[in-house]
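See structure below.
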Amino acid sequence: MAKAVNEFAARGFRSLGVSRADGDGQWQFLGVLPLFDPPREDAKATIATALAMGVKIKMVTGDALANAAMESFWSSLKRELVPRCQFATRAEARAAIFEWIEVFYNRERLHRALGYHSPVDFETDLN
């Protein structure tokens, strides 16, 4: 995950790496979500303070644009996946969400913010 995020950052893009831990505590990379806002000046100090207090950081944003991108992502997930599925277990839900993000959202779904390209196609076109 760090490699993908760092490659995005090297090209001037901010991004959020999405991962999940399995039952054994091993992290599995799910994908990269683009962010469009500049970081706030106090972000580094805020993160350091939160980490020192034992808070696990899930998302750090600088302004409403990044919040809007993440809210759009969660809205899409809830609208496009959840109504079609009933999960018997958390493992089923995790597998379905992983497939939705990695297969559909990152590779097939067209994103208006990316000029109606999928994130994978958008990143490929940058190279």
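Throughout, read-outs are computed from the coordinates displayed, never taken from laboratory work. Because the structure is predicted, anything quoted here is derived from the model rather than measured. Reconstructed Cβ throughout: ideal geometry from the backbone, glycine too, with neighbour counts over all protein chains shown.
Near E80, once Lys and Arg are set to +1 and Asp and Glu to -1 for all other residues with Cβ below 13 Å from its Cβ, the sum equals +2. For region 82-120, applying the loop criterion from DSSP together with a ceiling of 12 other beta carbons within 10 Å to the GluC sites (Glu not before Pro) yields E108.
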